[in-house]
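Structure first, then comments.
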Amino acid sequence: MHLKYESIVREPLVDGDKTYANVTEDIVRPIEQKPGRMWYVGFIFSLILLGFGVFSVVWEVYWGIGVWGINRTVGWGWDITNFVWWIGIGHAGTLISAILLLFRQGWRTGVNRAAEAMTIFAVMCAGQFPIFHMGRVWDGFWVLPLPNTRGPLWPNFNSALLWDVFAISTYFTVSLLFWYSGLIPDFATIRDRAKTKFRKRMYGLASFGWTGTAKNWQRMEALALVLAGLSTPLVLSVHTIVSFDFATSVIPGWHTTIFPPYFVAGAIFSGFAMVQTLLILSRRILNLEDYITIGHLEAMNKVIVLTGSIVGTAYLTELFMSWYSGVLYEQEAFKWRILGPYWWSYWAMMTCNVVSPQLFWFKKLRRNVPFTFIMSIVVNIGMWFERFVIIVTSLYRDYLPGSWTYYSPTWPEIGFYVGTFGLFFTCYFLFAKYFPVVAVHEIKFILKTSGEGQKKRMDSIEQKSTEEFLHEQMEHAHH
Amino acid sequence: MSQKQYWKGLEELQNTAAHQEVVDNEFKEPLPGISDSLLDATTPRRDFLKFLGFSTVAATLAASCEMPVRKAIPYAIKPEDIVPGVPNYYASTFVDGGDYCAIVIKTRDGRPIKVEGNTLSSITKGSTSARVQASVLNLYDKARLRQPMMDGKEATFDAIDRGLQSALASNTKPVYLISSTIISPTSKEVINQFLAKYPNAKHIVYDAVSYSGMLLANEASYGKRALPSYHFDKAKTIVSLGADFLGTWLAPVEFSKQYSAGRKVTAKNLEMSKHYHVESMHTITGASADMRATCKPSEMGAVAVALYNAVNGTAPSLPSKKLNELVTKAAADLKKGNGMVVCGSNDVNIQTVVNAINSAINANGTTINWAVTSNYKAGIDSDIVAATEAMAKGEVGAAMILGVNPAYEIGKKFADALKNVPVRVSFADRMDETAQLCNYVVPDHNYLESWGDAEPKTGYYSLMQPGIAPLFKTRAYQDSLLAWSGSTTTYGDMWKNYWTTKLGGQSNFDKALQDGIVEPAGEMPMGGGTFAGNIANATAAIAAMKPTSGMEVVVYQKVSIGHGGAWSNNPWLQEMPDPITKATWDNYACVSPKKAKELGEELTGITEVVTKKRVIKLEANGQTLMLPIVVVPGMHNDVVAVALGYGRDAQIGRAGASGTDKLKGDFGGKNAYPLVGYNGQTFTYNAAAKIEKTDATYEVGITQTHHSYEGRPIIHEFTLEEFSKDPNALLKERGEEIAKYSVVPWGEHEAHGEKKEELATQEVEEGFRKEGTLYPNYEHMGIHWGMSIDLTACTGCGACVVGCMAENNISVVGKTHVLKSQEMHWLRIDRYFSGMPDDPDTIQTVFQPMMCQHCDNAPCENVCPVSATNHSSEGLNQMAYNRCIGTKYCANNCPYKVRHFNWMDWNGADCFDDNQYEDGRRDDLNDDLTRMVLNPDVTVRSRGVMEKCSFCVQRLQDAKLTAKKEGRPVKDGEAKTACQQACASDCIVFGNVNDPESEISKIRKDNKERVFYVLEQIHTLPNVNYLSKIRNTDEIWAGNEEKDGLYKAHI
């Protein structure tokens, strides 16, 4: 199942000649040390953003949604835009861990831990928006199908918003389980290295008494596969259902069957971009360049250019379909997207999402770290605009011109969004400090085949004749 | 006197020893609780005082803690005629100056909550206007004076009467009573008594917006200083020269009803009046017109003369082609008979020419009635000008100001003059601009608190009875005048006496009071008049008027605010979007798109959404006003129009006040009265003007930003000719959309599929309902409510909008939130322009009232995650406010965008403390006093829930319950929605569509050629249908790329 040999032609997944001890040392050391100054600066900055977000939300809940700019025509604005944006970002993690695990993509090991953490934090951020966009948030629990004293009063199972509740809560639960189950062996490693009682106790609790026996490993692998199997449809279903919020409506620009694949592709697109942003920063700050290599970044850039192209195709398909449908309202909705008072948002979306990712067809650019970093941000700006375009520019000019209007956000709306960045980065900084940012045991798993040092030792094997090579490798395999 | 002895018992009588002992020793047993030690203590008294002190302090502290104040009136003794929860109705009369409407006051538990039209009146026929609907809010206006004032201090009526009578007695100079037109016969009698008491007294009548020109012209032409009765219903050709008779001119409530009666078109009855309209700005009357052209206000005289000449056979040569065309056509039509010309000018000469035309076309006696004259306006401008001069010279001893506000309307000149009058009395209901200058302010009752009467037309009377006892220490002005004239009777007695005598007995009086009107039986008599005016002089005078070359300003009344008065402080009216501009809370300079482009503010599909409007400097009549511009297609390119009623003093109330806020800048608009000029005979409401752009901007809260309906099939317009040639055009168009979905290819109806017609017949409609969806069809048994709205009849006047606000407790959100499009009106009127933006004469305007369509397949219903909005078996789309969690998904998914969210805590119905929204101008609505206007049958919605039109479900329930109690089905017309009742033009018909005899069923059947449903093709199955707009004109511009520039440019 797992070859010990991997061709030298393949790029190593771990740079440098590492031993298992090196791997543990490199990845776990930052956890055991005092964090650097940059960590404190970043963490406090994140807390400030979070605080501002909390203030904005309290302000909104106390005074009412009227402190926002949304109105009788544009009922959803930055709130749901940000919701879909964060949910989209949350896709990459599970995709990397689940689908790439099933596809046996070794390169995912360097990035999956951080990507999964990102998923969980992003879903947490996303969840805030549908909660606090409710006019009466204190009654929000009515969307849950709980037995109740309000008579036989149940939620409306026809509503896509209700499907959202189930989809997102399931996704969050499974992602969290998946992430945590992978963390257990690494927590055990930290526990075993721990020098203080407190740390030993905490990581001991967190590792659930992991002893590293063969049975332990066997069960963990089985669990990982089961959860991967569960998560895979979820990756596709969550954003599909989010897209149903729009697709099941009657509003031109929303009511379209292309939405599920289009949303999923877009979500992966933005999710990978966000992973790039985070990993480029993490590998630099935590000195993990050997584990998160240029090769990893390139692999993800390839996914970005693929999904970016899918998204671009979807945009063009939408335009074509609106014309081809022959429906006046459909055609006009797209016309007003492109040419109406919000023209700039459409063009921002097109530039960031369709045009700029095409630059990743150049290998040089794919492997250029600063360029990748900039592109990762550009893509996420573009994807934010995509959601804005779908939500706001469909609503602002729909059927009756008499109801048309404009929408601009106000400070509590912006503050809420900023606050979710605060939440996200607060969590991420805590994660980077207390959790192994790279999956130690998974790196070790591929180290002996895909590590640079290992590959160097392949030299002698590579120089052997075909017969010799075959003989040796076959024998190896037979053992 | 015998010495009787009384005793309590035998012991006392016999006075035994035992008894004596008892008497001596009162406390024969030791007192419980008081031990000897306490009584013997050194300071028991002090302790007692300590206890007393402590408990008093404790009680005081406890009592001073805020406790909820519960205000409930226990009906231990039930007042006669009041059943809690059951409304009482009183016929009465709405009067504001000369504005008149016969009304019915709806009171609940003793307080008026709604005003409806009185259908018994042959004049207003149950119609109302936005102002009549809103008048009930004026009763509860927080800015009303709560007591009389003397020299700026509170006073009693006694003190005022004494002070004033002595002041008047010692006064040798004349007493001036300055009032608006008074149409009450008994009040006139009171005034006469008062004038008789003070021989040198003078009654000066003037109207804030004057009709002197007409009165004087009529005097010269017909020998009567009066206004005729107009019969728009009898007119086949109506020519209006700047008279906004459906909005603000003379008696719009009466005229709207008549006008719509002449325009009820069906495929079988193609009779329709033809309405020609010439104006300088854009009014709702212009919007309804069949042919419209614009001219500068200074050219109006020339247009009148041209029309006169055209009627007499001379071709016109006016500055614009369209005017010439209009005048030629109008003249030809007028000559056919049954014509009528009305003119909004206040110029005697122009009105004389108009009289000459009406005489030439024999309008007098057919459409213009001199047998029964109208008493709406009687003010003569020169009187008030002369009075002001006399006051300025110190020739006046006392000025009493009644129902007018000259310090605001006439302005500084009057205010300065008033200072020279020693005794100044105001009857104003609030400290308005004039009352502030008076040393006696004796507030009059609100009309809903008053007894009274009105004679809107000679011989046609209307009685006024109160709906509530006076809320404050106010006194009917008639009582004040009677008291000051030394009379001992009260006005109430005098009034009752007058009417009992006049009607001949108590029972007749009771009947009249119940009906609210006293009218001669039968049809209104018709009479002509002989024109005796000097037409030559008038035309010469008009020719001498030099038309100006530059810009001109027109001062106009908004349909909502009118001349100002108490209306300025009415938040319902302030927030009612102006029918044409859709702007709220401000006045502004209306300019044409072309002029705006010259000012650097081109109106495009992109810039239309900008709320910050450029401020211009407007100079006219020696005054300078800084006003934001609002672009109005249809305005003459060289005209700027400014509304009256704004720029009010802070003391008239918070909603109407204007001023400058440190943070927010200017608010409340600017006073346009100073732009009104005086030509030596009458006031002029237009002047040469200079405008200059500035760099400043000002935000105007406009509820509708887009002007064109983009050629979308949401409105269907036809010319009368098109409609008569092919009445089925609309049915065909609808059929093309829906017929193919009305059958399923595999269904039993395949046979029908073969002969599938393109007409939207009832069969096709039914098929579409059933087969246009995957879901099973729901059969509506019993009642199925439906509504029909006639776009031809709708004038956009907004009475329904305000009626809906009053009925359904709709929140006023204030300008800040209107700017964010967060207004709450359940019923909005979409206004669409079509035509070339640069050519005002091409603009055609159409109104579409839009409210919840109560879709039987409602997109809002299935998206609500908690089923807070759902469908009733009677076809109502209902809202369960309690269940709503406020996701706003339903509002997004509503194709009509008629759902409104409670963005803030508008009325203190929220569970959070102290978070009620306040903006400084709308807040009085939440005062305990103002909240008395709330309809107890309708929930006041809390923050965070969605709301929308309910088809006035409380009224439907009421009608159903009444019917149920009487054991019969609901009769057609028993359940009326508030909008339907308010409408002066009979646009709205409501009823049970399952009842084939109901009016709504009949309309949908008999007028099926005009019926359409908005967005029918998306299978929402609306329960509101519209009737197509039929315009008696040559061509419809809308949707025609070449002629509809607004559509082409997507503005």
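The values are calculated or read from the model by the stated rules, or taken from the named source; none is laboratory data. Since we're looking at a predicted model, the values are computed, not measured. Heads up, the Cβs are rebuilt from the backbone with ideal geometry, glycines too, and the neighbour counts pull from every protein chain shown.
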Requested in this report: Go through (1) away from chain B (no Cβ under 14 Å); (2) surrounded by fewer than 18 Cβ atoms within 10 Å (Cβ to Cβ) and name the single condition A:SER408 misses.
Outcome: (1)
Report summary line: Per the filter on the range B:840-877, residues more than 9 Å from chain A (Cβ to nearest Cβ) and over 28 Å from A:PHE157 (Cα atoms) are B:PRO840, B:ASP841, B:THR842, B:ILE843, B:GLN844, B:THR845, B:VAL846, B:PHE847, B:PRO849
Report task. Quick one: in the range B:311-324, of everything that is within 38 Å of the chain's Cα centre (by Cα) and either aliphatic (A, V, I, L, M) or not assigned by TED's automatic domain parsing to the domain that holds B:ILE238 (or both), which residue is nearest to B:HIS636 (Cα to Cα)? Result -> B:LEU323
Query raised in the report: Quick check: is even one residue across the range A:210-227 touching a residue at least 24 places away in the same chain (Cβ under 8 Å), away from every other protein chain (no Cβ under 14 Å) and within 11 Å of A:THR94 (Cα to Cα)?
Result: yes
**Report entry** Spans of helices (runs of 4 or more DSSP H) in the range A:72-188 with at least 2 residues touching a residue at least 24 places away in the same chain (Cβ under 8 Å), surrounded by fewer than 22 Cβ atoms within 10 Å (Cβ to Cβ) and away from chain B (no Cβ under 14 Å)
**Finding:** A:112-132
Requested in this report: Quick one: B:ASN358 ticks every box in (1) over 26 Å from B:THR548 (Cα atoms); (2) surrounded by fewer than 23 Cβ atoms within 10 Å (Cβ to Cβ) except a single one, so which number is it?
Outcome: (2)
Query - Failed criterion for B:ALA689 (all others in (1) surrounded by fewer than 23 Cβ atoms within 10 Å (Cβ to Cβ); (2) among the small types (Gly, Ala, Ser); (3) out of contact with any Phe, Trp or Tyr (no Cβ under 6 Å at 6 or more places or on another chain) hold) - result: (1)
Query raised in the report: Would the range B:190-204 turn up any residue that is touching a residue at least 24 places away in the same chain (Cβ under 8 Å), under 29 Å from the mean Cα position of the chain (by Cα), surrounded by 24 or more Cβ atoms within 10 Å (Cβ to Cβ) and within 26 Å of B:VAL555 (Cα to Cα)?
Result: no
Query raised in the report: Can you name the residue in the range A:21-71 that is more than 16 Å from A:PRO409 (Cβ to Cβ), more than 24 Å from the chain's Cα centre (by Cα) and among the polar types (S, T, N, Q) and is also nearest to the other protein chains (Cβ to nearest Cβ) among such residues?
Result: A:GLN33
Query raised in the report: Within the range A:242-272, which residues are buried (at least 23 other Cβ atoms within 10 Å of the Cβ), under 21 Å from the mean Cα position of the chain (by Cα) and in contact (Cβ under 8 Å) with a residue 24 or more places away in the chain?
Result: A:VAL242, A:ASP245, A:TYR262, A:PHE263, A:VAL264, A:GLY266, A:ALA267, A:ILE268, A:PHE269, A:SER270, A:GLY271, A:PHE272
Query raised in the report: Just to be sure, is B:PHE833 within 14 Å of another protein chain (Cβ to nearest Cβ), in contact with an Asp or Glu (Cβ under 8 Å, 6 or more places away or on another chain), over 21 Å from B:GLN1017 (Cβ atoms) and surrounded by 24 or more Cβ atoms within 10 Å (Cβ to Cβ)?
Result: no
Report task. Of the numbered conditions (1) more than 14 Å from chain B (Cβ to nearest Cβ); (2) touching a Pro at 6+ places or on another chain (Cβ under 8 Å), A:LYS444 fails exactly one; give the number of that condition. Result -> (2)
Query raised in the report: Is it true that A:PHE431 is within 30 Å of A:ASN22 (Cβ to Cβ), assigned to a helix (DSSP H, G or I), more than 14 Å from every other protein chain (Cβ to nearest Cβ) and aromatic (Phe, Trp, Tyr)?
Result: yes
Requested in this report: Only residues that are more than 7 Å from chain A (Cβ to nearest Cβ), in a loop (DSSP other than H, G, I, E, B) and surrounded by fewer than 20 Cβ atoms within 10 Å (Cβ to Cβ): list them for the range B:880-920, please.
Outcome: B:ALA880, B:GLY908, B:ALA909, B:CYS911, B:ASP913, B:ASP914, B:GLU918, B:ASP919, B:GLY920
Report task. Keeping to the range B:245-262, report how many residues are surrounded by fewer than 24 Cβ atoms within 10 Å (Cβ to Cβ) and in a loop (DSSP other than H, G, I, E, B). Result -> 3
Query raised in the report: Which of the residues spanning the range B:82-101 are surrounded by 20 or more Cβ atoms within 10 Å (Cβ to Cβ) and of a type in the set (Val, Ile, Thr)?
Result: B:THR93, B:VAL95
Report task. Give the range B:700-725 a look and list any residue that's among the polar types (S, T, N, Q) and more than 8 Å from chain A (Cβ to nearest Cβ), or say none. Result -> B:THR703, B:THR719, B:SER724
Report summary line: Taking the range B:940-962 and the residues there that are under 23 Å from the mean Cα position of the chain (by Cα) and assigned to a loop (DSSP other than H, G, I, E, B), the one that is surrounded by the fewest Cβ atoms within 10 Å (Cβ to Cβ) would be B:VAL940
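One line per residue, one yes/no per condition, for (1) assigned to a loop (DSSP other than H, G, I, E, B); (2) among the hydroxyl-bearing types (Ser, Thr, Tyr); (3) at pLDDT 95 or above:
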{"site": "B:GLN981", "(1), (2), (3)": "no, no, no"}
{"site": "B:SER985", "(1), (2), (3)": "yes, yes, no"}
{"site": "B:GLU997", "(1), (2), (3)": "yes, no, no"}
{"site": "B:THR1033", "(1), (2), (3)": "yes, yes, no"}
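Of these, A:ILE292, A:ILE268, which one is assigned to a helix (DSSP H, G or I) and in contact with a helix residue (DSSP H, G or I) (Cβ under 8 Å, 6 or more places away or on another chain)?
After applying the criteria, what remains is A:ILE268.
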**Report entry** Members of the range B:975-992 that are of a type in the set (S, T, N, Q) and over 16 Å from B:VAL253 (Cβ atoms)
**Finding:** B:THR977, B:ASN992
Query raised in the report: Does B:ARG162 satisfy the condition of being in a loop (DSSP other than H, G, I, E, B) and among the charged types (D, E, K, R)?
Result: no
Query raised in the report: Among A:VAL305, A:VAL311, which is the only one that is within 30 Å of B:ILE1018 (Cβ to Cβ) and either at pLDDT 90 or above or part of a loop (DSSP other than H, G, I, E, B) (or both)?
Result: A:VAL311
Query raised in the report: Restricting attention to the range B:869-893, which residues are closer than 18 Å to A:ILE390 by Cβ and either small (Gly, Ala, Ser) or touching a residue at least 40 places away in the same chain (Cβ under 8 Å) (or both)?
Result: B:LYS888, B:ALA891
Query raised in the report: How many residues, within the range B:430-452, are more than 22 Å from B:ALA159 (Cβ to Cβ) and more than 21 Å from the chain's Cα centre (by Cα)?
Result: 3
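Scan the range A:384-397 and tell me whether some residue there is small (Gly, Ala, Ser), outside any loop (DSSP other than H, G, I, E, B) and either within 14 Å of another protein chain (Cβ to nearest Cβ) or surrounded by 24 or more Cβ atoms within 10 Å (Cβ to Cβ) (or both). Let's see the steps before the verdict.
Within the range A:384-397, the subset small (Gly, Ala, Ser) is A:394.
Remaining after also requiring outside any loop (DSSP other than H, G, I, E, B): A:394.
Filter once more, keeping what is either within 14 Å of another protein chain (Cβ to nearest Cβ) or surrounded by 24 or more Cβ atoms within 10 Å (Cβ to Cβ) (or both): A:394.
Yes - at least one qualifying residue is present in the range A:384-397.
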